[in-house]
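A quick write-up on the structure given underneath.
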Amino acid sequence: MSVTDTTSGVNIKDVLANSSVKTNTSADGLTSATNSATGKKALGKDAFLQLLVTQLKNQNPLEPQDNGDFVAQLAQFSSLEGITTLNDTVSGIAGNYNSSQALQASSLVGRSVVAQTDTAVVDTSKSFNGTAVVPASVDPVTIKITDADGKVIRTIDLGSQKAGNASFIWDGKNDAGEVAKAGKYKFAATATYDSKATSLVTYLPATVNSVTISQTGGELMLNLAGLGSVALSKVQTIGI
């Protein structure tokens with residue numbers, strides 16, 4: 001008795017048409033299957049199962065599927081199922097995170113924050129508080145306040161400072177004792193290390209006008225009045 005191998009001339013359309021799993025053999029269905037095979041579309045678990053069942057139905061009788069290979073394919077299918085479930089779970093978490101960000105953003109608008117910046121919009125009719133970060137004990141620490149025209153109107157000497165945050169207060173007056181105009185000012189903190197002047201990081205107060213939420217999962221950006229955007233991670237304190 002002779003046995004004939006009938007699988008040599010089988011094409012994908014015939015294979016899918018003879019499968020016990022119902023498939024779409026229309027033009028759209030074939031296009032979808034082709035796209036999956038060429039990488040234009042991800043191979044989903046349903047398509048994977050269809051291919052697996054079709055493979056079993058169209059085995060070569062002379063060389064049937066090896067048990068080890070079959071178990072390996074089932075393991076691949078199980079892995080695909082797990083990855084699909086994981087993707088759905090991660091998508092849900094991402095959606096909840098975006099909703100949380102939106103809620104957090106709405107609560108920050110109109111509030112005062114202390115952020116890492118060297119510029120601030122100052123109401124000179126009242127005292128202005130700021131902080132300079134001192135990495136190591138030093139003498140002295142100075143704060144130079146520059147107006148919008150680039151002119152230094154006030155120099156504040158903080159004297160010797162230990163490592164940590166050095167707070168300073170500006171009463172809104174220039175070196176001549178006159179009240180400066182309200183507006184935007186730049187604060188440059190410096191300290192001398194090994195006879196070299198070194199710039200220090202400053203944290204200054206500002207008001208949040210609006211918040212920008214990243215659509216790609218990036219960091220929340222605070223739009224500060226008169227100062228532009230600053231990342232939420234740069235904020236030291238959130239006030240009223």
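Numerical summary
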read-out: Packing-based order for 197-210, 138-151, using average beta carbon neighbours within 10 Å, highest first; value: 197-210, 138-151
read-out: Compactness of the stretch 64-198 as Cα Rg over 2.2 N^0.38 Å, two decimals; value: 2.01
read-out: Point-to-point label distance, Asp171-Ile93, nm (Cα→Cβ direction, 7 Å offset); value: 5.5
read-out: Fewest-first ranking of Thr192, Thr89, Thr124, using other Cβ atoms within 10 Å as the exposure measure; value: Thr89, Thr192, Thr124
read-out: Spin-label model distance (nm) - Ser137 vs Asn223, 7 Å beyond Cα toward Cβ; value: 4.7
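Only the coordinates and a few stated rules stand behind these numbers; no lab work does. Predicted model, so just to flag it, every value in this text is computed and none were measured. Neighbour counts are summed over all protein chains in view; Cβ atoms, including those assigned to glycine, are modelled from backbone coordinates with ideal geometry.
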